[in-house]
Structures are given as C-alpha cells and as structure tokens.
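Data first, discussion second: the structure below is written as structure tokens.
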Amino acid sequence: MEHRHLGRTGLRVSRLGLGTLTWGRDTGERDAADQLKAFWDAGGTLVDTADVYADGGAEYLLGRIVEDLVPRADLVIATKAGSVPDPDRRFDTSRGHLLSALDASLQRLGTDYVDLWQVHAFDPGTPLEETLQALDIAVSSGRARYVGVSNFCGWQLAKAAAWQLAGAGRTPLASTQMEYSLLQRGVEREVLPAALDLGVGLLPSSPLGRGVLTGKYRNGTPPGSRGGSEDMAAFVAPYLDETASLIVDALAIAADGLAVSPLHVALAWVRDRPGVCAPILGARNAAQLTAALSVEALTLPEEICLALDDVSAPLHRYPDHDWTTL
C-alpha cells in the first residue's frame with residue numbers, strides 16, 4: 001500500500017486507514033484481530049480509534065491484540081478525546097479533561113504514546129487556546145507524537161491551525177478528521193480550503209457514505225445491514241434520500257463500466273481528492289475489509305472522476321470560498 005505524508009509533517013501513513021468504531025461493541029476480539037492482521041499484511045499502518053468508542057472498549061481491544069499480532073512500531077495509532085457522556089454537555093476539551101483522557105487512553109492501549117492524538121470536536125465552553133495548550137503538553141511530555149482535530153468547521157480549523165503556527169514552541173496541527181464522501185462533500189466549502197492552505201491533512205471518515213455507496217441499499221434495506229439495525233439505522237437514514245439515490249445510480253454505472261464494485265469506485269474517488277491523506281475504513285469482518293483494501297490497484301480515469309464530481313457537486317452559495325464564480 002502506498003504511504004503519504006500526514007499534512008505538512010514528516011509522519012507517513014498508509015493511504016487507507018483502519019477504523020475501530022464498532023470494536024468492543026459489534027466487533028469482538030477474534031474479528032478485530034483478523035481485521036488488524038489483514039490490514040497490516042496489506043501494508044496498512046494507520047489505525048484510528050477514540051476513547052468513547054464502546055466506552056473505551058475499542059482502545060482496550062486494540063491494545064490487547066497489538067501485543068500478539070503486530071509490532072507496535074509498525075503502526076500509526078491515532079485516538080481522540082473530548083467527547084463526554086454528560087447530559088449537560090457533549091464535549092469537554094478543557095486542559096484537565098483532555099490530559100486525563102489521554103492518560104486513560106494510553107493505559108487502555110497498553111502503550112507509552114500515541115502517534116496521533118486528536119481533539120474529537122470543538123467545545124464552545126472552553127477557550128480554544130486552553131484546548132490547544134493540552135496538545136502542546138501532550139507532545140512535549142512524549143505522550144503524543146503528532147496532534148490534530150476532528151469535526152471542526154472551517155473557521156474553527158483555521159483559527160486552531162493558525163494559532164499553532166503563530167507561536168514558537170507550539171505543535172502544528174497535522175490533521176483534521178471529517179466525514180467526506182460522494183454523499184457528503186460539505187468539507188469542500190471551507191474546511192478543505194483551510195486545510196490545504198495551512199498544511200493540515202484530511203482524514204475522511206465514512207468514506208463510503210455510511211455504507212450507502214456500496215450499493216447495498218438500492219433495492220431496500222437488507223437484513224443484517226447497519227441501516228436495518230436498531231442502533232445504526234438513524235445513522236444511515238440521512239443518506240437514503242432521492243439525491244443520494246441518484247448519486248449511487250451514477251456510481252453503479254461507473255463501476256459497471258470499469259468492471260469493479262461501486263465500493264471501489266467510491267473509495268478511489270475520495271482517496272485521491274486533493275488534500276486527502278487517508279480515508280478511514282470500518283468493516284464488519286476481515287473478508288469485507290480485504291475486499292475494500294483491494295482498491296489499492298485502482299485509479300479512476302479522469303472522465304469518471306469528472307462525471308462523479310458533477311452528479312455529487314455540493315451547492316455553493318455566498319460566502320463559500322469560490323463565491324466569485326456564482
């Protein structure tokens with residue numbers, strides 16, 4: 001698998017990442033181990049998790065299987081902190097909470113450091129400078145090698161990245177993790193231009209449109225799918241509308257013409273977008289993951305990319321970055 005620099009840093013990561021959202025909840029130890037082994041065997045290095053995935057269970061599971069399967073030094077382990085199960089607030093990015101959360105993550109992961117530590121979301125109740133100071137402390141103390149953010153809108157990302165670049169001794173942001181796919185191109189309005197300008201790499205989450213871009217929902221909701229599960233149905237539902245259906249139909253036509261699956265076309269499209277470092281893949285099992293990883297051999301023809309761009313183009317209105325063309 002090819003590797004790319006993460007933003008404007010020296011850290012290189014595989015151009016596909018392995019996500020662990022369901023680990024410790026829907027994905028047990030054996031399936032998780034099979035996925036990690038398949039990913040590593042394919043040349044993958046970037047494994048993404050978070051302290052709230054399965055209430056810490058995903059980190060704990062990752063830590064357990066790394067000991068036996070893959071040399072720690074061969075992986076780029078990324079985790080997140082800042083989301084909290086609090087009825088009064090969804091996020092806490094105070095310095096105290098973040099650093100305590102990082103220590104807890106390291107203990108669950110069974111490691112002295114994480115390669116990439118990310119603020120899971122913007123917290124309007126905490127001064128941004130305080131949040132960013134926690135990132136600097138994490139790096140200076142050796143608990144994190146690189147830092148990034150997740151789910152920051154355009155102005156939030158620009159403010160955070162510029163603040164880190166403005167002061168001597170501050171750690172530049174390496175990455176931002178955002179949902180990005182043919183069904184969700186909102187980051188192209190302001191987040192992606194800011195990231196490109198400030199040297200921040202984009203890690204797309206849900207690159208397959210929450211599973212809809214595989215084409216499995218074209219004839220209804222199949223049993224056993226996320227869209228048919230009690231826990232995940234609401235997560236998939238926004239991408240089962242008429243607009244999404246038109247995009248999926250175009251994707252299927254392109255896939256037929258290339259003799260590949262819609263999954264491969266959708267994944268290759270987002271993987272090779274400007275500014276993208278590594279889409280994060282989630283899979284139910286190793287066989288599903290291996291099928292997705294085979295996209296490594298596929299590069300889309302330019303005319304296919306242009307056709308998909310057209311059918312899925314986001315609506316731009318003032319004051320988007322290209323408002324002068326409106």
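Screening Arg210 on (1) open to solvent by 20 Å² or more (accessible area, probe 1.4 Å); (2) under 30 Å from Arg284 (Cβ atoms); (3) in a loop (DSSP other than H, G, I, E, B) shows it passes everything except condition (3).
Every residue, every condition in (1) modelled with pLDDT under 95; (2) touching a Phe, Trp or Tyr at 6+ places or on another chain (Cβ under 8 Å); (3) among the charged types (D, E, K, R); (4) open to solvent by 30 Å² or more (accessible area, probe 1.4 Å), yes or no:
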| residue | (1), (2), (3), (4) |
| --- | --- |
| Trp40 | no, no, no, yes |
| Ala50 | no, no, no, no |
| Asp68 | yes, no, yes, yes |
| His97 | no, no, no, yes |
| Gln107 | no, no, no, yes |
| Tyr113 | no, no, no, yes |
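Residues of the stretch 125-146 that are more than 21 Å from Tyr113 (Cα to Cα) and either crowded, with 16+ Cβ neighbours inside 10 Å or aromatic (Phe, Trp, Tyr) (or both): Thr126, Leu128.
Here is a yes/no grid of residues against (1) in a helix (DSSP H, G or I); (2) among the charged types (D, E, K, R); (3) under 20 Å from Val270 (Cβ atoms); (4) in contact with a strand residue (DSSP E or B) (Cβ under 8 Å, 6 or more places away or on another chain):
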| residue | (1), (2), (3), (4) |
| --- | --- |
| Met1 | no, no, yes, yes |
| Leu18 | no, no, yes, yes |
| Arg25 | no, yes, no, no |
| Arg30 | yes, yes, no, no |
| Lys37 | yes, yes, no, no |
| Trp40 | yes, no, no, no |
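Restricting the stretch 50-74 to residues that are of a type in the set (Asp, Glu) and in a helix (DSSP H, G or I), the residue that is nearest to the chain's Cα centre (by Cα) is Glu59. Only helices (runs of 4 or more DSSP H) whose full extent lies in the stretch 241-312 are considered here, and the ones with at least 3 residues that are open to solvent by 30 Å² or more (accessible area, probe 1.4 Å) and of a type in the set (A, V, I, L, M, F, W, C) are 242-258, 302-312.
Among residues of the stretch 89-112 that are assigned to a loop (DSSP other than H, G, I, E, B), those with a beta-carbon under 6 Å from a residue that is of a type in the set (Gly, Ala, Ser) at least six positions away or on a different chain give the pairs Thr93/Gly82; Gly110/Gly63.
The values are calculated or read from the model by the stated rules, or taken from the named source; none is laboratory data. Treat the numbers as computed from the prediction; the structure is a model and nothing was measured. Neighbour counts run over all protein chains shown; Cβ positions are idealised from the backbone, glycine included. Calculation scope for accessible area: heavy atoms of the full protein, side chains included, ligands and nucleic acids excluded. Shrake-Rupley method; radii C 1.70, N 1.55, O 1.52, S 1.80 Å.
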